[in-house]
1. Picking from Gly158, Gly147, Gly231, which is most flexible by a Gaussian network model of the chain using Cα springs under 10 Å?
2. Would you mind computing, in nm to one decimal, how far apart the modelled labels at Ala194 and Asn175 are, each placed 7 Å from Cα along Cα→Cβ?
3. Regarding the chain, what are the three Cα extents along the principal axes, ordered largest first, in Å?
4. Given the stretch 267-332 reduced to its alpha-carbon atoms as identical point scatterers, what log10 I(q)/I(0) does the Debye formula return at q = 0.18, 0.20, 0.27 Å⁻¹?
5. By how many nm would the segment from Asp140 to Phe4 grow when fully extended, if each residue of separation counts as 0.36 nm and the alpha-carbon distance is taken off?
6. Which of the three applies to the stretch 43-159, rounded, prolate or oblate, going by the alpha-carbon gyration tensor with a ≥ b ≥ c and a/c under 1.5 meaning rounded?
7. Considering only DSSP states other than H, G, I, E and B, which trypsin sites (Lys or Arg not before Pro) in the stretch 162-227 qualify as loop sites with at most 16 other Cβ atoms within 10 Å?
8. Choose one answer from Ala254, Ala222, Ala50: the residue with the largest mean-square fluctuation in a GNM of the chain with alpha-carbon springs under 10 Å.
Amino acid sequence: MSNFWSSMAKRAQPYVPGEQVNDSHILKLNTNENPYPPSPNALQAMKRSADATIRLYPSPTTDDLREVIAEQHDVNKDSVFVGNGSDEVLAFAFMAFFEPLERIRFPKITYSFYPVYATLFDIPYEEVPLQEDFTINPEDYFDAEGGVIFPNPNAPTGIFLELDAIETIAQKNPNKVVIIDEAYIDFAPESFSARLKNYNNVLLIQTLSKSRALAGLRVGYAIGHPSLINGLTRMKDSFNSYTIDRVAINAATAAIKDTSYTQEITKKIVHTRSWVTKQLQELSFDVLPSQTNFVCATHATIDAKTLYEQLKKHSILIRHFNQDPIDSYIRITIGTREEMSRFISALTEIIRSA
Ligand code: PMP
């Protein structure tokens, strides 16, 4: 703490991301990155962008990129906002739609960046407990004073909430914004995007970091009613006109267009997810039903922190959240089939020698 800090800087409780390492021997199953490379078209677009045009500022409105996203979701470009990773889009959404003095609601066990933004922007919040089976009870989110936010599927549980339930939450909060963070939606049955046209109070947020294998590029986007998109744009243009650089705009546009590649790698991950789930169950884990690129599991006898530490000794990083009620669970990102075989072998050895 420094006397030079503003009250905002003093109040901040920064998010702690999963460990990032540079050692290629370490198997990283801790930050839900995609194990496959991004679309070759995206890589080519990046290389093509490395020329003298980089002396020019990028487009502040990212029209071309917004246009391809809009086409894919069957909406107009004025229903799309693009940001520097969905974390940035989330930050603008907190600023644009939530009020100090009006309590927002999100689940207790969810993406841990939400309380960080709420604290930073001085927005009061209520953490609504999940049900015993870790599902969200839609009724708990009716008539929220300040608005609602949760991921679908939820993180780190990986559990998907049916779209009818989301509709009831939207209907029961007609004067407040309901933000659905669809970071992992491509690994799940369906996005809310097809139903979005019926709601002017629902904002969907998606990312290129997961199914498009571009976490390092930092591109995320929001889809919603143009008045919500205008709200986000007002925040961006009061903060930084150029949040997406020229390379990122071109690569993201190519990645979004390459739907067949995204589908191909997503299918492989979903397939490996089923295999890993079965293997974990055979090793006496209880595995939550995931519709994401990770699984959350608890062992019958060995505690989660021990598993995390033992796997680290095998050069495998996973995530353990020291937070009730998931402190007995570990979260494992789905890698390639080969990587997951290495993970299961190490885990088998750890359990045998326990
Ligand atoms: N939402 C959720 C639920 C996440 O798990 C993540 C990834 N940590 C994000 C948003 C942010 O992703 P990004 O900023 O890479 O788009």
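Coordinate-derived values only; no laboratory data. Nothing here was measured: the structure is a model prediction, and the numbers come from that model. Neighbour counts run over all protein chains shown; Cβ positions are idealised from the backbone, glycine included.
1. Gly231
2. Going from the Ala194 label point to the Asn175 one covers 3.4 nm.
3. Taking max minus min along each principal axis of the Cα atoms, the chain gives 57, 50, 50 Å.
4. -0.65, -0.80, -1.28
5. On the way: separation 136, 0.36 × 136 = 48.96 nm, distance 4.13 nm.
Extending this stretch completely gives an extra 44.8 nm.
6. prolate
7. Here the sparse-neighbourhood loop sites are Lys172.
8. Greatest mean-square fluctuation among the candidates belongs to Ala50.
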